[in-house]
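Structure record follows, encoded as structure tokens.
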């Protein structure tokens, strides 16, 4: 590669790595909800956790093209690892996060060699099978996991020995939001790096990527392991903030929900997981109040509409409106075109 080409690639990655005004406002608004919606903090805590879980799936699905129907396996393992650790005397939440991330990463690394062999249908079946196996192990090992009754008696120590978890969810939401933000920053830096660029190349054309010297299998194993660790942290956050772990964390519904979140928010776009989590939980909450028995029907209908219309159209229109508003505020001509939505 020539020096000019290298400089162009470096400039492009540097430009993509800069934080835009919209991103800054997004996170400022997320922080403001801690004070603006004090009565909904437990609900917001769920959104933050699901958002992190969706980001973990997007790392492999949106950027590496690895489809999975069993991503809940890492989420559930992280939840049980943090819960069991806390129940047996290690109540420090940060240590729990580290152990949960490590356990999920080890499982992700060991299973990556199975998942990456074969076509998409094979990957779907293998990931689903791994999740079902873990679910049954957790169900049978009641002496350790609590079985169908769930893992109870979890008491988490105050964060840094200062911030205690309360029944209102103030500490829980602040804790989950902070962890989600920090891991999001790392993921964002990862996808705009040369490593992330190579993943996109593998996703688009693995044969060409291998032909130009990219170690395809090694890259996929690394990102699959990182994604598993992220999912494990999300599961640990759920266990620590709710102080309860049930078999539901390993269910197929958990994996299907996070895939639905990505479809709603947009795949291959890290903010898609966060936005999708907000939309999904709000829709679930509103529709459950209106029609408690049929809210899943309406969620399914929304999914069909999004798939038929195409989530890219929604994203492009939102991006166009935002850029036009910024241009007007700056006094620039109102000539803004929609941009592709494959960047962070």
Of the conditions (1) surrounded by 14 or more Cβ atoms within 10 Å (Cβ to Cβ); (2) within 30 Å of residue 206 (Cα to Cα), residue 119 satisfies every one except a single condition; which number is it? (1)
Can you say whether residue 89 is modelled with pLDDT under 90 and either more than 28 Å from residue 204 (Cβ to Cβ) or surrounded by 15 or more Cβ atoms within 10 Å (Cβ to Cβ) (or both), as far as the supplied structure shows? yes
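Name the residue, out of 60, 49, that is closer than 12 Å to residue 258 by Cβ and either touching a strand residue (DSSP E or B) at 6+ places or on another chain (Cβ under 6 Å) or modelled with pLDDT of 95 or more (or both). Break it down stepwise before answering.
Numbers: 60 fails: either touching a strand residue (DSSP E or B) at 6+ places or on another chain (Cβ under 6 Å) or modelled with pLDDT of 95 or more (or both).
Exactly one residue qualifies, and that residue is 49.
Within the range 80-114, how many residues are on the phi > 0 side of the Ramachandran plot and touching a residue at least 40 places away in the same chain (Cβ under 8 Å)?
Of the range 80-114, the ones on the phi > 0 side of the Ramachandran plot are 89.
Those left that are additionally touching a residue at least 40 places away in the same chain (Cβ under 8 Å): none.
Of the residues in the range 80-114, 0 are on the phi > 0 side of the Ramachandran plot and touching a residue at least 40 places away in the same chain (Cβ under 8 Å).
Out of 82, 32, which single residue is under 30 Å from residue 127 (Cβ atoms), at pLDDT 90 or above and assigned to a helix (DSSP H, G or I)? Before you say what the answer is, go through the steps one by one.
Working: 32 fails: under 30 Å from residue 127 (Cβ atoms).
After applying the criteria, what remains is 82.
The values are calculated or read from the model by the stated rules, or taken from the named source; none is laboratory data. Treat the numbers as computed from the prediction; the structure is a model and nothing was measured. Please note: Cβ atoms are built from the backbone with ideal geometry, for glycine as well, and neighbour counts cover all protein chains shown.
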